[in-house]
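Structure record follows, encoded as structure tokens.
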Amino acid sequence: MTFVEAIPLLMIVALIVLLFSGFPVGGILAGIGLGFAFLGIALGEFPLATLFIIPTRIYQTVGENLIYPAVPMLLFMGIALETSGAARELLVCLQRLLAWLPGSLCIAVILLGLILAPTAGLIGASVATIALAALPTMLDQRYRPEIATGSVAGAGTLGVIAPPAIMLFFLADALGVPLGTMFLGPIVPVLMLAFAYMSYFVIVACFGNARYAGAAAADDVPPGSLLLYIFRSLVLPVGLIVLVLGSIIAGWVAPTESAAVGAAGSAVLIILYRGFSLTVIKDALIKTVDVTAMVFFVVIGASIFSFVFRFYGGDDLALDFFEGLAMSQWGILAAILTILFILGFFIDWIEITLVSLPILHPVIESLDFSAYVGSGPLADVWIAVLVAVVLQTSFLTPPFGFALFFLKGASPPGIRMMTIYRGIVPLVIIQLLAVGLILLIPALATWLPDSLLEIR
């Protein structure tokens with residue numbers, strides 16, 4: 001292998017090393033791409049004129065993508081629901097309605113994650129949102145710290161793969177799966193995981209003294225206003241999210257228009273919960289701009305990196321590597337999922353979907369599970385759902401689980417890392433069983449999109 005042929009491999013090595021530097025990921029991606037482009041110019045292997053294609057490439061990636069415009073509006077939707085206090089009210093309302101169940105607050109937290117976390121965007125934002133809304137209440141009601149932190153971590157990461165999660169927008173784009181199909185595929189696995197989580201917490205509450213028996217169930221609500229309270233605290237935020245999700249899946253409107261409705265509705269909720277306050281609205285907008293800028297900085301950096309990487313023949317690197325191993329298709333799929341699982345220990349899903357998946361995509365495209373799953377398009381959905389669930393499992397798995405460090409940062413000072421580890425292990429076991437079931441029973445991922453959209 002000549003030096004020029006080795007450049008794609010050197011780019012990957014440089015990326016792995018520099019990711020641990022703490023420098024912004026977008027800057028690392030852009031810097032590596034431009035650095036190796038200039039190196040190629042010096043060696044006479046990268047024409048100078050090709051360098052000027054990069055701005056066009058960035059515009060095509062960001063400006064002509066029909067999914068990306070929805071991202072900032074969905075981010076605003078999630079941030080507005082948290083800023084307005086809707087998350088706290090929703091948690092209390094859910095616990096009140098579920099007070100008859102043992103461990104009702106844990107179950108309420110899981111449901112809160114399914115409702116709010118999809119629009120939080122990134123793992124850190126998702127887990128922190130749920131932690132800030134739920135942990136103080138759970139600890140005040142004397143839930144054991146490992147039970148409280150376990151439910152929060154599970155809820156925050158589960159919501160990241162529940163539609164209309166922003167991660168699914170990027171996965172659909174990276175894997176070439178239609179967005180409506182990508183939204184429908186994870187629904188059954190997510191509901192299966194949520195039910196398993198909740199069953200675990202009910203069992204622990206019944207037999208493991210999950211919380212002190214004298215803890216208050218929820219904030220008191222006058223009986224006469226119960227229906228109004230449920231409408232305000234539960235129906236409005238849930239209805240808004242269902243409207244956004246349903247309109248995209250049904251194909252009534254494009255993702256951008258649906259996200260715009262969600263953003264406008266969440267702004268109304270701010271006014272409803274907090275009154276007309278320019279300060280609160282400004283705070284939500286500033287947070288949205290911060291997260292959006294970070295996301296698209298990574299998108300632009302990944303666009304530069306992938307352009308230079310592909311120029312040097314990087315697309316063939318992963319394909320040649322797996323072909324050289326002479327593994328079966330199942331072996332290749334297991335290797336890809338393992339790589340993604342390990343990557344999820346260290347970096348958020350956005351870097352994985354924008355950098356790692358494009359590198360692995362030629363290998364994924366070469367796999368043919370149509371006979372096993374039922375058809376080629378259904379196999380694509382099955383693999384996409386597997387990728388989503390494996391990444392979510394990775395974010396939870398000790399000792400490097402990406403979400404666990406964000407949870408520690410959002411927890412009260414008395415919560416130790418070992419406490420979080422103890423609480424999360426049973427959920428990781430549930431996750432691994434779920435991955436095995438999806439591998440053995442592809443219909444868990446394909447039945448719903450096939451039934452509603454007739455994918456063949």
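The values are calculated or read from the model by the stated rules, or taken from the named source; none is laboratory data. Fair warning: this is a prediction, and the values are worked out from it, not measured in the lab. As a convention, Cβ positions derive from the backbone with ideal geometry for all residues, glycine included, and neighbour counts pool all protein chains shown. Heads up: the accessible areas ignore ligands, DNA and RNA and are worked out on the full protein's heavy atoms, side chains in. Shrake-Rupley method; radii C 1.70, N 1.55, O 1.52, S 1.80 Å.
Can you list the chymotrypsin sites (Phe, Trp or Tyr not before Pro) in segment 1-76 that are in a DSSP coil and have 15 or fewer other beta carbons within 10 angstrom?
Working: sites: F3, F20, F36, F38, F52, Y59, F76; in loops: F3, F52.
The qualifying sites are F3, F52.
Derived scalar couplings between HN and Hα for segment 160-168 equal 5, 10, 8, x, x, 4, 5, 4, 5 Hz in order, rounded to whole Hz, by the Karplus curve 6.51 cos²θ - 1.76 cosθ + 1.60 (θ = phi - 60°), x for Gly and Pro.
Between the Cα long axis of helix 7-18 and the first principal axis of the chain there is an angle of about 30°, rounded to the nearest 10. Counting only protein heavy atoms and a 1.4 Å probe, tell me what percentage of segment 238-366's accessible area is made up of carbon and sulfur. Summing carbon and sulfur atoms, their accessible area is 71 percent of the total for segment 238-366.
Packing around the peptides 166-174, 229-237, 11-19, taken as the average count of other Cβ atoms within 10 Å per residue, puts them in this order, highest first: 166-174, 229-237, 11-19. Considering only L357, T157, T338, and ranking their Cα positions along the charge dipole of the chain that arises from unit charges at the beta-carbon of Lys, Arg, Asp and Glu, the one farthest toward the positive end is T157. The simple Förster model, with R0 at 22 Å and r as the Cβ-Cβ distance, assigns H361 and F321 a FRET efficiency of 0.95. For Y143, the residues whose amide H sits under 5 Å from its own are Y212, ignoring neighbours fewer than 5 places away on the same chain, with H placed 1.01 Å from N.
Of the peptides 267-278, 191-202, how do they stack up when ordered by the mean number of other Cβ atoms within 10 Å, highest first?
191-202, 267-278
Computed from Cα atoms alone, the Kirkwood hydrodynamic radius reported for segment 246-392 is 18.6 Å. Relative contact order, whole percent, for the chain stands at 25, derived from Cα pairs under 8 Å and 6 or more residues apart. For segment 170-185, backbone phi angles converted through the Karplus equation (6.51, -1.76, 1.60; θ = phi - 60°) give residue-by-residue couplings of 6, 5, 4, 5, 6, 9, x, 9, x, 4, x, 5, 5, 6, 6, x Hz, Gly and Pro being listed as x. Taking the C-alpha atoms only, the angle from helix 278-311 to the longest principal axis of the chain is near 30 degrees. Both radii come from the Cα set of the chain: Rg as radius of gyration, Rh as Kirkwood radius; their ratio Rg/Rh reads 0.98. Note on L433 and T256: their simple-model spin labels are 4.5 nm apart, each label 7 Å out from Cα toward Cβ. A simple rule links phi to the HN-Hα coupling: the Karplus curve 6.51 cos²θ - 1.76 cosθ + 1.60 with θ = phi - 60°, which for segment 76-82 gives 4, 4, x, 5, 5, 5, 6 Hz, with x for Gly and Pro. May I ask for log10 I(q)/I(0) of segment 390-449 at q = 0.12, 0.19, 0.23 Å⁻¹, from a Debye sum over the Cα atoms as equal point scatterers with solvent left out? So the normalised log intensities work out to -0.38, -0.71, -0.88. One decimal place: the segment L48-A371 gains 111.6 nm when fully extended, by the rule 0.36 nm per residue minus the C-alpha distance.
Peptides 386-396, 288-298, 129-139 ordered by packing proxy, namely the average of other Cβ atoms within 10 Å per residue, highest first: 386-396, 129-139, 288-298. The angle between the Cα long axis of helix 104-116 and the main principal axis of the chain comes to about 40°, on a 0 to 90 degree scale.
Heavy-atom accessible surface of the chain, averaged per residue, reaches 41 Å², computed with a 1.4 Å probe. For chymotrypsin sites (Phe, Trp or Tyr not before Pro), the sites in segment 326-369 that DSSP calls loop and that have at most 15 other Cβ atoms within 10 Å are F345, F346.
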